[in-house]
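Worksheet: one structure, shown below.
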Amino acid sequence: MNTPMAISATHFTLFHKTSLLFHKRCFRSFTFSTPFSSSSSSSLSVQKLGRQKWRQPVVSVLEIGGVKIGKDDVVRDDPTNNVPDTIFSKLGMQLHRRDQHPIGILKNAIYDYFDSNYLNKFEKFDHLCPIVSVKENFDDVLVPADHVSRSYNDTYYIDAQTVLRCHTSAHQAELLRRGHTHFLVTGDVYRRDSIDSTHYPVFHQMEGVRVFSPDDWEASGMDATSYAAGDLKKCLEGLACQLFGSVEMRWVDTYFPFTNPSFELEIYFQEKWLEVLGCGVTEQEILKRSGKNDNVAWAFGLGLERLAMVLFEIPDIRLFWSTDERFTSQFSKGQLGVKFKPFSKFPPCYKDMSFWVNDSFTENNLCEVVRGVAGDLVEEVQLIDNFTNEKGMTSHCYRIAYRSMERSLTDEEINQLQWNVREQAQSKLNVVLR
Ligand code: FA5
Ligand code: MG
C-alpha cells in the first residue's frame, strides 16, 4: 500500500530539464448526441466479447456508450476528414473494458488502488464516447489556437469541429462543470504519430482529477499549489509502488497548457527511459470556468499501454491488438504479476527508401501511408539520413522494419508491401523517389 516503506523501496531520481518544453503532444468532441452518457447500455455486448476473448469487428456500425456510430460518420472522402479505415476498425474495441486483457487488468488494478486509498471516493467513467468536439479536446483545456497538437498532422479530424479525442483530458472540463470533484476517466485515444515499439495510433489513457477545498490545504501551512503538487506526486508514487514494487523511475519537469507546474514520470524499461504519464496542478482558469474559484486541483493522464508493457513485460505495443491465442491466453482477470512469454521471434526485414521531400512532407503522413499498406506488419519507421543539396533540395532516407509477431513473412510479401509504400508515398505525399 501507500506506506513510506514502500516508497523508499523505489528509486526516485529528481531530474529537471533546463528549459521547459512546449509540449508537443497535448490535446480534441462531437455533438453525437450523448458523449457523456454513462449508461451501461453497451456493457452486455462487451461482457459477452470478454468471455469469447476478443475479435476484430467486421461491422460497419458500432455502439459506444449507447451511441450508434456508422463508418460513414467517421471515415469520409472529404478534405476536412483524415480518418483512415484502419482507425475506424479500432473504434469500439474497448480493450480497457475487457477484464482478461492486459489493459483491462491494469485498469482494474488502478481502480483498486484508488478505492482502497481514497475510500471509493473516485468516480469512474470508462465508456465516454471517443468522438468529441474541438472545443472539448482543445479549447476547454486551454490549448492555444496555434498549438501543434491541433494540426491535421497530429490529430484525426472527422470534420473541422469534430475529432477522435487525442487525450482523456478532453472530458476534464465537462465533468468538473457537472460538479464531479474526484474522478477517473479511462478510454481509447487517437493520434497520428511515429511508428515504433512504444507508439501506436490508438492507445489508452486514464485521466485522474482531484479537487481540493481551502480546508484541505490551509491546515498544512502550505500554499495551495505546493500542497496539490505534493499530494499528486505522493498519489502517483504510491500507485507506482503498488503496481511495480521496485523499479527505477524519475520525475521530469514539463509543460502542458492545462497544468502548472507540470511533470512527467519516466520508468527505466528495455534500457531506455520510457515516459508513462503526464500530470500537474490544474490551471486556475479551468477551475474558474467550472465555477470553482476557491479550489485547487491536480490532474494526471496515464499511458496504459506503456504501464502495461513494463508490468507484463510486453515488448511491442502492437501485441495489445493481437487476437492470437498464444497472446490472449496468457492473461486472466485480476492477475497482475504474470510476465508475458514471447511465443515467437521472427527476424525483422529492413527496407530503405530515399526521396526528395516537399514543404508539406511530414513524418506522420509517411507513417499513415506505411500503416495503411502494412498494418501491424510494420514495426518501426526511422529516419536514417537527411541532407539538403546545393540547390536547396532536401532528401530523406527512411528505414522501414517489417516483422510479424505471429509468423514469418515471405520475401515476396515484403517486396510487395514495400512496392505499395513507394507507390503511395509518390501518389499521396508527392515525394520524388531517388
Ligand atoms: C497528455 O496526453 C496529457 N493529456 C496528460 C495530462 C493529463 C497531463 C492531465 C496533465 C494533466 P501526453 O501527450 O504526454 O500527455 O500523453 C500521456 C501519456 O500517454 C504519455 O506519457 C504516454 O505514456 C502515453 N502516450 C503518448 N503517446 C502515445 C502513443 N502514440 N502510443 C502509446 N502511448 C502514448
Ligand atoms: Mg508526454
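With the convex hull of the Cα atoms taken as the outline of region 349-433, the averaged projected area works out to 5.3 nm². Taken about its Cα centre, region 349-433 carries a charge dipole of roughly 120 debye when the Cβ of each Lys and Arg holds +1 and the Cβ of each Asp and Glu holds -1. A dipole drawn for region 61-329 from +1 and -1 charges on Cβ atoms has a positive end, and of Ala229, Cys166, Ser194 the residue lying farthest that way is Cys166.
Remark: the chain carries a charge dipole of roughly 840 debye about the Cα centre, counting +1 on each Lys and Arg Cβ and -1 on each Asp and Glu Cβ. Subtracting the Cα-Cα distance of Asn108 and Gln284 from 0.36 nm times their residue separation leaves 60.3 nm of extension gain. When the P(r) of region 321-382 is calculated, the portion above 20 Å amounts to 50% of the C-alpha pairs. A Förster distance of 25 Å, applied to the separation of the beta-carbon atoms of Lys135 and Ser427, puts the FRET efficiency at 0.10. Per the Kirkwood formula applied to alpha carbons, region 255-310 shows a radius of gyration over Rh ratio, Rg over Rh, of 1.14. Of Thr168, Thr225, Thr388, the sequence from fewest to most neighbouring Cβ atoms within 10 angstrom is Thr388, Thr225, Thr168. Each label was represented as a point 7 Å from its Cα along the Cα-to-Cβ direction; for Thr394 and Arg76 these points are 3.3 nm apart.
In terms of distances greater than 24 angstrom between alpha carbons, the cross-link table entries Lys272/Lys339; Lys124/Lys234; Lys234/Lys339 yield Lys234/Lys339. The ranking of Ile64, Ile87 from fewest to most other beta carbons within 10 Å of each one's beta carbon is Ile87, Ile64. Counted over the chain with a bin width of 20 Å, the fraction of Cα pairs per bin, in whole percents, is 24, 59, 17, 0.
Each of His396, His171 has some number of other Cβ atoms within 10 Å of its Cβ, and from fewest to most they run His396, His171. Helices in the chain, meaning DSSP H runs of at least 4 residues, each add -39500 (n - 2.57). Divided by all residues, the mean residue ellipticity at 222 nm is -8000 deg cm²/dmol.
Bear in mind that the values in this text are calculations on the coordinates, not laboratory data. These numbers come from a predicted model, not from an experiment. With ideal geometry, Cβ positions are generated from the backbone for all residues, glycine too; neighbour counts draw on all protein chains shown.
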